[in-house]
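The values are calculated or read from the model by the stated rules, or taken from the named source; none is laboratory data. None of these values were measured; they are calculated from a predicted model. Because the Cβ atoms are built from the backbone with ideal geometry, glycine has one as well, and the counts that use them run over all protein chains shown. To get the accessible areas, we keep the full protein, side chains included, count just its heavy atoms, and leave off ligands, DNA and RNA. Shrake-Rupley method; radii C 1.70, N 1.55, O 1.52, S 1.80 Å.
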Amino acid sequence: IMIIFQMFPVNRLANGENGRHCKTLNPFFRKRQANSYEVLDVIASSTNDMGPFSLDNFKKNLSASWRVVGLETANTRFELNQPTTHARQEKLKVKEGRPSVGLAQWTDTPAQQTRRHLIEKRREKRAAELVKMDNEVTVKLENAAIERSKSVESAVLGKYSIWRKEMENENGDSTVRLMRDQIIMARVYLSISKMKNKVELYQELNSRVKESQRALGDTISDADLHHSAHEKIKAMGQVLSKARELLYDCKLVTGKLRAMLQTADEQVRSLKKQSTFLSQLAAKTIPNGIHCLSMRLTIDYHLLPPEKRKFPRSENLENPTLYHYALFSDNVLAASVVVNSTITNAKDPSKHVFHLVTDKLNFGAMNMWFLLNPPGKATIHVENVDDFKWLNSSYCPVLRQLESSTMKEYYFKAGHPTTLSSSASNLKYRNPKYLSMLNHLRFYLPQVYPKLDKILFLDDDIVVQKDLTGLWSVDLNGKVNGAVETCGESFHRFDKYLNFSNPHIARSFDPNACGWAYGMNIFDLKEWKKKDITGIYHKWQNMNEDRVLWKLGTLPPGLMTFYGLTHPLDKSWHVLGLGYNPSVDRSEIDNAAVVHYNGNMKPWLEIAMTKYRSYWTKYVKYSHPYLRNCKLNE
């Protein structure tokens, strides 16, 4: 349209400018103005339904009479010569074969007029159809919304979240969760009503919140709810609807919910720290029953005459052709499960020899238990770590470090931080087991058992489920340690345990090297002596006096000492995680030769995971008089 009006400066010419030509042109432009609506009709009828208006399309469909005489190009000036104009008009008359009035006018044929009317009718019909369809869709949506609102009103009897796939089945806690959601929204409107001084609404909301909280209590399932809970939900729903009508402000409600979320997040973080602290604390404690058992056994052991304190078959202790186990523990009940489960699943128990080492406090109890409950035809021997006179601070770096003032300050200083934030993360490194030489004795196996060629080291928090004699026939390919690797895609690798910012660590080890597990390890003591494994351990332990290479514990120095000297065993030999991981695959546990309760949730503690505890308890003799007297039960 703009192009057409630029080509014909109507106002300027129609107002009589250019003097002598105005009389000639004014009739044409009067006609042009009279037909302005017809121009728009042509443009509208020439517009393609599938796209915008096309000027080329307009030129093609425009009647030949709608042309300007003397206009050859967009930049051509009007030739206002009267004879020339009349001559061209005559040519146009001859060419079109129809009369013309003035320079240009509409002369649509009947066919074109009919076509235009059909197009207009078709468009009107299509518009009516679209309006009708739109109305039908709107009605359907309204009906669906009404039906859904009915189901929402009775949500307490149906599904909690009908739009979530996991909620397609009835949930045992859907009503409880609905009540909790109502309380959350009520707290939002409580805050807003107080801000906007809606006293009556505030009191009503506050009253409903208290009623819902009392009805809910500590309930976690719908079955435990009082029968009046549904009435509470309906009452709360009504007051929430009222609050929404009076106070709803999307921005304000969003801000309140965001603030509540932030507060809840801070509370969760605080509770996690507290949980970590308490779980570490629980892991350090000894249950009353186990302490009672140890004390009773110790008393009875010292009442025995010396000749009755000896175990049979002592000649097997240094026989390298038998299957030897090393078990270092101060927990009588845990040690009994390891021995009992191993013997129960052994093909020939008479060829198995158990070497137990404990501390002075539990030496009598450990002896008394296995004197009363001998492991069938297997051989067992109990030793006191304090009787190893060669194990002293001049020979053993860790003993010297444990006796140092800095280490004592680290463990025992009265002013040591005890807040959750400062101590929870490091509390596990202050576990008393790190102060015991029983934990570090694993690095001195050839010194403790000089006559043996191979030995299977077992932790006291494992359960044996299959015969283990196959481990002695595993070819370690010249390596010292046979162990199951624990690394996944990015965890349990060396950089998890060692300080790679230290240059000694960085140039000696690969941060992505795969870690392995203590708990069930087959050691070749001949290769151990050849490669001076104990000397390697002493070297790294001396360098870590200030704990700059790793924290405390035996796994980090073990990874360093046996670096490049560990042969990976099949994972079915040793399945870990039953002391911290609730998602260990049940089939892996059932097929494992050894299951390991590594972590804080030991099976003898109250914090143990119930789903895994039965693997351990089936090897405990709960009917034993000592256990009954100490109230140790399943």
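Once neighbouring chains are kept in place and the probe is 1.4 Å, which whole percent of the accessible area of the range 465-523 is contributed by carbon and sulfur? The computed percentage sits at 45. Quick check on my link table: of LYS466/LYS571; LYS351/LYS479; LYS351/LYS377; LYS351/LYS451, which ones sit more than 20 Å apart, alpha carbon to alpha carbon? From the list (LYS466/LYS571; LYS351/LYS479; LYS351/LYS377; LYS351/LYS451), the Cα-Cα distance tops 20 Å for LYS351/LYS479. Within the accessible area of the range 285-399, the carbon and sulfur atoms contribute 55%, probe 1.4 Å, all protein chains present. Fully extending the segment from ASP300 to MET609 would add 107.9 nm, taking 0.36 nm per residue of separation and subtracting the current Cα-Cα distance.
Rolling a 1.4 Å probe over the protein heavy atoms gives the range 294-387 an accessible area of 44 Å² per residue.
Applying both filters, DSSP loop and at most 16 other Cβ atoms within 10 Å, to the GluC sites (Glu not before Pro) of the range 430-538 gives GLU489. If you roll a 1.4 angstrom probe over the protein chains with everything in place, what fraction of the accessible area of the range 172-283 belongs to carbon and sulfur, to the nearest %? Percent of accessible area from carbon and sulfur atoms in the range 172-283: 52. Under 5 Å between amide hydrogens, built in the peptide plane, is the criterion, and for HIS574 it picks out ALA593, VAL594 among residues at least 5 positions away or on other chains.
The mean accessible area for residues of the range 509-625, using a 1.4 Å probe and ignoring ligands and nucleic acids, is 42 Å² per residue. Find the centroid of the Cα atoms in the range 313-349 and in the range 436-481, then give the distance between the two in whole Å. Computed from Cα coordinates, the inter-centre distance equals 11 Å.
Normalised per residue, the accessible area of the range 238-283 is 73 Å², obtained with a 1.4 Å probe and no contribution from ligands, DNA or RNA.
Specify whether the C-alpha gyration tensor of the range 172-283 places it in the rounded, prolate or oblate class, a ≥ b ≥ c being the square roots of the eigenvalues: rounded for a/c under 1.5, otherwise prolate if a/b is larger than b/c and oblate if not. Taking the square roots of the gyration eigenvalues as a ≥ b ≥ c, the range 172-283 is oblate.
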